[in-house]
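Let me begin by presenting the structure, written as structure tokens, before commenting on it.
The values are calculated or read from the model by the stated rules, or taken from the named source; none is laboratory data. Remember, predicted model here, so these are calculated numbers, not experimental data. All Cβ positions, even for glycine, are placed from backbone atoms using ideal geometry, and neighbour counts span all protein chains on display. For accessibility, only protein heavy atoms count, side chains too; no ligands or nucleic acids. Shrake-Rupley method; radii C 1.70, N 1.55, O 1.52, S 1.80 Å.
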Amino acid sequence: MKTHKKKKLGSFPYVSVVFSITLALFVIGLFGLLILHSNQLKDSIRDNITVQIYLDKFIKENDKIRINKLLNQKHYIARVGDQAQIEFVSKEEAAKAFIESTGEDFIDFLGDNPLRDAFTIKIDPSYQQLDSLRNIEKELEKVDSVFEVVYVQNLVQSINKNITKISLVLIGFTIILLVTIAVLINNTIKLALFSQRFLIRSMQLVGAKAWFIIFPFVKRSVLHGIVSGLIASGLLYALLQYANSVIEELKQLQSVKELLILAAFIILLGLIIGATSTYSAVRKYLKMSLDELY
């Protein structure tokens, strides 16, 4: 009798279950990678939103220092640590860069350098809305020795609008995908447990308590979830390495910490869905009558 029961319990089709869960977790992992890369790309685009502050043509050195100190005190300027993201570009540097990019020496043609000294500042993401940028523009234009404040309004508006749309689409797809994956894994486990329903009833008839019957199945499902999550994470890592070898710039959008969190989430998701689905299915069979089992 014991040998027969062990054989039946051991016949649980774990290979197909692990394969199905791995496939489902791999798909959600792919979508997770898409979300992570999209967020990094979004942050990279936001980092490139800058404001140019052009100074008066014959500004004195003391006024440049004064304006630089003033800008360092502004809370809307992006910072890396305690360092404000401010860059000073002299008119000589601007002329040199223009000549190198176009190949035309306009100074010889005009006899003078018409460009101006300028500060380029990066704006903190929380102040990148169009209304905030307009207020920043008005404030800086009132500063003495500032000639003009320039930023590309259409670009800022387009970036904010598209980022909002993309975020909403990604959130919607994430919810749909999570529900679909949960249903898929749940049905796979229920189907696999279908062949064990009479074993469950036999254990119940000999006086085994509900948790004593449920525990071995839940324990095995937890193991299946962990194994499936590890395999899916390994496949995603291999795919990511291949993608990095093909597209070198892709590495700039990756964070090791975020990738590790994604791998942990995949393993945890497989574990939780596997355990809850198994618990639910076994409880269902425990409550069924013999006629319903047939």
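With the largest listed first and rounded to whole Å, the semi-axes of the equivalent ellipsoid of the stretch 224-285 from the Cα gyration tensor are 33, 11, 7. Between the amide H of Ala78 and those of Gln85, Lys122, Ile123, Asp124, distances stay under 5 Å, these residues lying 5 or more places away or on another chain, with hydrogens modeled in the peptide plane. Taking a quarter of the surface of the Cα convex hull of the chain gives a mean projected area of 22.8 nm².
Largest accessible area first, the residues Leu168, Leu271 order themselves as Leu168, Leu271 under a 1.4 Å probe with ligands, DNA and RNA left out.
When the chain is described by a simple charge dipole with +1 on each Lys and Arg Cβ and -1 on each Asp and Glu Cβ, the residue from Phe147, Gln52, Asn186 located farthest towards its positive end is Asn186. In a fully extended conformation the segment linking Leu223 and Ala210 would gain 2.6 nm over its present Cα-Cα distance, using 0.36 nm per residue.
Evaluate E = 1/(1 + (r/R0)^6) for Asn68 and Leu170, where r is the Cβ-Cβ distance and R0 equals 35 Å; express this FRET efficiency to the nearest 0.05. E between Asn68 and Leu170, to the nearest 0.05, is 0.30. For the chain, the relative contact order works out to 30 percent when only alpha carbon pairs closer than 8 Å and six or more residues apart are counted.
Around the Cα centre of the chain, unit charges on the Cβ atoms of Lys, Arg, Asp and Glu (plus for the first two, minus for the last two) sum to a dipole of about 3420 debye.
List the pairs from Lys69/Lys165; Lys122/Lys257; Lys64/Lys251 whose alpha-carbon separation is above 27 Å, in the order I gave them. Listed pairs above 27 Å: Lys69/Lys165; Lys64/Lys251. In the stretch 157-287, Cα pairs under 8 Å separated by at least six residues give a relative contact order of 43 percent. The phi-based Karplus calculation (6.51 cos²θ - 1.76 cosθ + 1.60; θ = phi - 60°) puts the 3J(HN,Hα) values of the stretch 75-89 at 6, 8, 8, 4, 10, 10, x, 9, 8, 6, 7, 10, 10, 9, 10 Hz, whole numbers, x for Gly and Pro. Listed by number, the DSSP H helices of the chain that run 15 Å or longer by alpha-carbon position along their axis and have mean Kyte hydropathy of at least -0.5 are 14-47, 153-194, 210-246, 256-287.
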